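Comments concern the structure below.
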């Protein structure tokens with residue numbers, strides 16, 4: 001598997017209206033998109049630093065992963081996302097190595113990326129997302 005770089009750092013928030021202005025107006029990071037990813041139960045608010053992104057995540061419902069995360073841990077870093085060249089062989093390699101994944105196959109996430117999550121138990125306590133850029137398929 002080839003890691004291209006850090007795609008984004010995701011931050012869970014309970015109120016985009018309160019937290020987004022820091023990234024958009026105080027740090028002046030370019031806002032590129034806001035998107036509901038219903039399959040993941042999240043709303044993403046994406047900021048591009050030019051060398052990686054910040055993704056603010058808010059819940060789309062009480063049963064979303066972000067809702068559970070906020071109830072358990074509060075606001076803060078939710079996961080890091082690493083971009084891979086090709087997620088299909090990356091997923092197979094992780095399975096061969098006995099790495100615990102969340103889900104069996106990649107799904108479509110924000111911005112059309114193909115994604116899969118590595119369980120924190122296999123990654124030193126950190127939730128890690130792997131993502132393949134849509135234009136690389």
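Summed over qualifying helices (DSSP H, 4 residues or more, each -39500 (n - 2.57)) and divided by its residue number, the chain shows a 222 nm mean residue ellipticity of -5000 deg cm²/dmol.
In the chain the Cα-Cα distances spread across 5 Å bins starting at 0 as 2, 10, 19, 24, 20, 15, 7, 2, 0 percent of all pairs. Of interest is the spacing of the C-alpha centroids, which for the stretch 75-134 and the stretch 48-63 amounts to 16 Å.
Just so you know, all these numbers are worked out from the coordinates, no wet-lab data involved. A quick note: this is a predicted structure, and the numbers were derived from the prediction, not measured.
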